[in-house]
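Following: one structure in structure tokens, then a few remarks.
Read the figures in this text as sums done on the coordinates, not as results from a lab. Because the structure is a prediction, the values reported are computed rather than measured. Heads up, the Cβs are rebuilt from the backbone with ideal geometry, glycines too, and the neighbour counts pull from every protein chain shown.
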Amino acid sequence: MPQLGFGVWQVPDAEAADAVGAALEAGYRSIDTAAIYENEKGTGQALASSDIPRDELFVTTKLWNSEQGFDSTLRAFDASLERLGLEYVDLYLIHWPVPEQDRYAETWKALERILADGRARAIGVSNFHPSHLQRVIDESGTVPALNQIELHPRLQQPVPRAYHADQGIATEAWSPLGQGKDLLQDPVLTGIAEKHGRTVAQVVLRWHLQIGNVVIPKSVTPSRIRENIDVFGFELDAADMGAVEALNSDSRLGPDPDDMNWLG
Ligand code: NAD
């Protein structure tokens, strides 16, 4: 899986083909969508009209909360594949655990079936706390390949990251740029960016890569799309890494997964 990919949350379906097309042109090969984003069609159109071989692309989509359950997951997966126009996805994720509904362990069994059928090359989860992951592992005996969680300099998630490392689960960061909000004006980050002649967004993405995260920044602006993948030609030193680490305040932009029971 490429360590840096392109996220398409909040990109309208009609704009997704252009945004994903711009990302593919800029060199991205990994695209992160979800059924609830309602842009799997536009995403699929961009994939179909590019001349990049399927085996060089990495496509992730996610199962929405209201579709959890064994049979309903299989049906929802079929519908996602059809909208994407693909025969398989590279990674299929359970979007949220939805603890109140208490169906994620049963849902995981449907993902195992999809994996066994070769229609997803890998399966994982999103927004799972270590306790949710442990239950899936205990009940199924298989370990999710990856957990996609909110993660940025103000929410560094040290406990989940350590648990993932122990279990061999990849950590993927959503909202890696803090949704482009005031994080990108932070004076410490601005100082590091000036030192390296880079932008703050590039410094933040570089920090993610150096601590081992998979990242999926989003932008619909072609120049920013290019800027966000141009992060392989410089390195943060130990002092920079320490300064970013000190910015952690355990502050979430999104909901705590234990309280997120919205079915949409
Ligand atoms: P992000 O942290 O990637 O920030 C995106 C915003 O930052 C853009 O809309 C833009 O305003 C700004 N931005 C982007 N590049 C910039 C640059 N170079 N300079 C200045 N500003 C820039 O936020 P996100 O979209 O929330 O997260 C990325 C992806 O993560 C999503 O698109 C989606 O694929 C995924 N995601 C998943 C979940 C989940 O529950 N699994 C939740 C949220 C997001």
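Quick notes
- Entry remark, segment 107-163: residues being among the polar types (S, T, N, Q) and closer than 30 Å to residue 185 by Cβ number 6 in total.
- Residue 170 meets the conditions (1) buried (at least 17 other Cβ atoms within 10 Å of the Cβ); (2) within 12 Å of the ligand (Cβ to nearest atom) in every case but one. The failed one is (2).
- For segment 240-264, residues that are within 14 Å of the ligand (Cβ to nearest atom), under 16 Å from residue 161 (Cβ atoms) and part of a helix (DSSP H, G or I) total 1.
- Positions within segment 209-239 being away from the ligand (no atom under 16 Å from the Cβ) and assigned to a helix (DSSP H, G or I), in sequence order: 210, 238, 239
- Of the residues making up segment 188-208, those that are part of a helix (DSSP H, G or I) and within 14 Å of the ligand (Cβ to nearest atom) are 189, 190, 193, 200, 201, 202, 203, 204, 205, 206, 207, 208.
- Close pairs from segment 25-53: first over 22 Å from residue 93 (Cβ atoms), partner within 12 Å of the ligand (Cβ to nearest atom) and assigned to a helix (DSSP H, G or I), Cβ under 7 Å, at least 6 apart: 26/225; 26/226; 26/229; 27/229
- Lone qualifier among 35, 23, 16, 48 - being within 13 Å of the ligand (Cβ to nearest atom) and either β-branched (Val, Ile, Thr) or over 16 Å from the mean Cα position of the chain (by Cα) (or both): 16
- Count - residues of segment 138-152 that are surrounded by fewer than 16 Cβ atoms within 10 Å (Cβ to Cβ) and β-branched (Val, Ile, Thr): 2
- Only one of the numbered conditions (1) of a type outside the set (A, V, I, L, M, F, W, C); (2) closer than 17 Å to residue 3 by Cβ; (3) buried (at least 19 other Cβ atoms within 10 Å of the Cβ) is not met by residue 132, and that is (2).
- Tally, over segment 177-222, of residues that are surrounded by fewer than 17 Cβ atoms within 10 Å (Cβ to Cβ) and among the hydroxyl-bearing types (Ser, Thr, Tyr): 2
- Pair list, Cβ under 8 Å, 6 or more apart: segment 183-209 residue more than 17 Å from residue 245 (Cβ to Cβ) and touching a residue at least 40 places away in the same chain (Cβ under 8 Å), other residue of a type in the set (Lys, Arg) and crowded, with 21+ Cβ neighbours inside 10 Å: none
- Test for residue 123: is it free of Cβ contacts under 8 Å to residues at least 60 places away in the same chain and either within 18 Å of residue 95 (Cβ to Cβ) or within 15 Å of the ligand (Cβ to nearest atom) (or both): yes
- Qualifying residues in segment 85-99 (those that are over 18 Å from residue 66 (Cβ atoms) and buried (at least 22 other Cβ atoms within 10 Å of the Cβ)) - the one farthest from the ligand (Cβ to nearest atom): 89
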